[in-house]
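In what follows, a structure is listed as structure tokens, so that the remarks can point back to it.
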Amino acid sequence: MVRSTYQPSKNTIFHRRLKATLVVLLVWSGVSLLHWLPETQWLMLGLTAILTVQTLRMLLAKPVAVVMENEIYLPPVSILVPAKNESSVLANLVYSLCQLNYPSDRLDIWIVDDGSTDETPQILKELQTQFPSLQVHRRESKGGKSGALNAVFPFTQGEIILVCDADAQLPTNFLQQTVPLFQKQAIGAVQVRKAISNANTNFLTRCQQMEMCCDSFLQTHRIAIGGMSELRGNGMLVRRQLLEKCQGWNENTVTDDLDLCFKLYLAGAEIEFVTVPSIQEEGVTTWKKLWYQRCRWAEGGYQRYLDYFPQILTLGLAKETDLLLFFLLQFLLPVGLIPDFLWTIFYSHHPVLFPLQTLLSIILTIAFIAGLYQFQNLQGWSLVWATIQGSLYMVHWIPVMIVTTLKMCVQRERSRWFKTEHRGQNIYINLDNK
């Protein structure tokens, strides 16, 4: 049985805060030592050399094409959609889900009305009239997507659980192209490539689409060298027995998907990433919304390292090296820039973290070029210009990571889970003329 609610103890929050503080102090002390004793800078060169080898292996790897053993493998599938105040997008989503090409007797669709205060309940009632197979679970919201998923999970029957966000749009053959992958017992979860449905709205949404292309390239290449793939919440399929083994979704996190990644790998499963099919979702349209969304992603991503250390050191050399590369460049490098900058300004030193900054820039540049070429078919100057824009856009992650890692050092209560607002695009069905 999956627990429906979970409140972290004060000791849990204290230990997380203590770990975060120790990490920051170690990073700042290490950077200061490299400046204070220049002869120790060979340590940075050695670390950079190791990470460069890992980077070259990753970037030069050739992803293996995903082969389905039997495309008529059709186990029961349950689709779970947490929905809190999603009146603007639910009609689109339900229409998309009900058009899926999959045997109806092996498919159950659940919408979790997570304490909505808008017109979501009324819209769901109308949708149930038009689509009798649609099932709705209503609960009083307790502040998070994980809780909504845990609440409905015991009522589902599927061997495979598909989680979608309320703004998702799926092609009709989505399940046919993903579910057969679970014939391989080693695969515990599958994540599909995400695309931005409103990419043409403004600069931010265009860049989010580029970012998804970059992420897809990195995910496939990380898997190719035995590294880790990551779930992205929307469009992720998970084997039921593993969810039960992991006791469902962690309600003490603001990113249920990233936390579940570590739980699945520690349970001995593999996560597959596929570029076809893709699932569409809305991108945020303002810098303010982007900031809140990315801070939540960063906090959840960083928190899982604190929560699952040292267990993650048992995953094997390939995955541990992969984790080291991305943990250093994604989380530790930004916070390390603070003392590096201060030493450089006040003592006229050379920045000691420049080799790692260069390595990160190389990874992102190549991933943008390859991802945009592969998934958006950009070439020539269009590809160059898009890569420049995408690279400049990605700079926002530096202040996001700095604020997040420092916030974790002083945070005395668990963060509240804030949903991303969805505005909706074209409505495929007219509920007033059904």
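The values are calculated or read from the model by the stated rules, or taken from the named source; none is laboratory data. If you're wondering where the values come from, they're calculated on a predicted model, not measured in any experiment. Using ideal geometry, Cβ is built from the backbone for each residue, glycine included, and neighbour counts are taken over all protein chains shown.
Determine if the stretch 126-135 includes at least one residue that is of a type in the set (D, E, K, R) and in contact with a helix residue (DSSP H, G or I) (Cβ under 7 Å, 6 or more places away or on another chain). Scanning the stretch 126-135 turns up at least one residue that is of a type in the set (D, E, K, R) and in contact with a helix residue (DSSP H, G or I) (Cβ under 7 Å, 6 or more places away or on another chain).
Keeping to the stretch 14-36, report how many residues are of a type in the set (Ser, Thr, Tyr) and at pLDDT below 95.
Of all residues in the stretch 14-36, those of a type in the set (Ser, Thr, Tyr) come to 21, 29, 32.
This time we only want the ones that are at pLDDT below 95, so: none.
So the answer is 0.
The helices (runs of 4 or more DSSP H) located wholly in the stretch 267-348 that include 1 or more residues which are under 19 Å from the mean Cα position of the chain (by Cα), in contact (Cβ under 8 Å) with a residue 12 or more places away in the chain and over 22 Å from THR52 (Cβ atoms) occupy 287-307. Restricting the stretch 234-266 to residues that are assigned to a helix (DSSP H, G or I), among the hydrophobic types (A, V, I, L, M, F, W, C) and more than 11 Å from the chain's Cα centre (by Cα) leaves a set whose member that is surrounded by the fewest Cβ atoms within 10 Å (Cβ to Cβ) is LEU266.
For the stretch 1-13, taking the residues that are surrounded by 12 or more Cβ atoms within 10 Å (Cβ to Cβ) and either in contact with a strand residue (DSSP E or B) (Cβ under 9 Å, 6 or more places away or on another chain) or among the hydrophobic types (A, V, I, L, M, F, W, C) (or both), the one that is modelled with the lowest pLDDT is identified as SER4.
Exactly one condition in (1) farther than 30 Å from ILE72 by Cβ; (2) modelled with pLDDT under 95 is not met by MET212; state its number. Failed condition: (2). Selection of the stretch 89-99 for residues being crowded, with 20+ Cβ neighbours inside 10 Å and in a loop (DSSP other than H, G, I, E, B) yields only VAL89. Number of residues in the stretch 39-51 that are of a type in the set (S, T, N, Q) and surrounded by fewer than 16 Cβ atoms within 10 Å (Cβ to Cβ): the value is 2. Every residue in the stretch 18-31 that is surrounded by fewer than 16 Cβ atoms within 10 Å (Cβ to Cβ) and either touching a residue at least 24 places away in the same chain (Cβ under 8 Å) or of a type in the set (Ser, Thr, Tyr) (or both), please. Answer for the stretch 18-31, where residues must be surrounded by fewer than 16 Cβ atoms within 10 Å (Cβ to Cβ) and either touching a residue at least 24 places away in the same chain (Cβ under 8 Å) or of a type in the set (Ser, Thr, Tyr) (or both): THR21, SER29.
Rundown of residues vs (1) polar (S, T, N, Q); (2) modelled with pLDDT of 95 or more; (3) touching a strand residue (DSSP E or B) at 6+ places or on another chain (Cβ under 8 Å), yes/no style:
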position	(1), (2), (3)
VAL192	no, yes, yes
ILE196	no, yes, yes
CYS207	no, yes, no
PHE217	no, yes, no
GLY233	no, no, yes
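Please work out if GLU86 is outside any strand (DSSP E or B), free of Cβ contacts under 8 Å to residues at least 24 places away in the same chain and acidic (Asp, Glu). Spelling it out, it is not the case that GLU86 is outside any strand (DSSP E or B), free of Cβ contacts under 8 Å to residues at least 24 places away in the same chain and acidic (Asp, Glu). Looking for something more than 26 Å from LEU406 (Cα to Cα), in contact with a helix residue (DSSP H, G or I) (Cβ under 8 Å, 6 or more places away or on another chain) and modelled with pLDDT of 95 or more - is there at least one such residue anywhere in the stretch 251-262? No, the stretch 251-262 contains no residue that is more than 26 Å from LEU406 (Cα to Cα), in contact with a helix residue (DSSP H, G or I) (Cβ under 8 Å, 6 or more places away or on another chain) and modelled with pLDDT of 95 or more. Within the stretch 349-376, the set of residues being in a helix (DSSP H, G or I) and more than 22 Å from VAL400 (Cα to Cα) comprises ILE366, ILE369, ALA370, GLY371, LEU372, TYR373, GLN374, PHE375.
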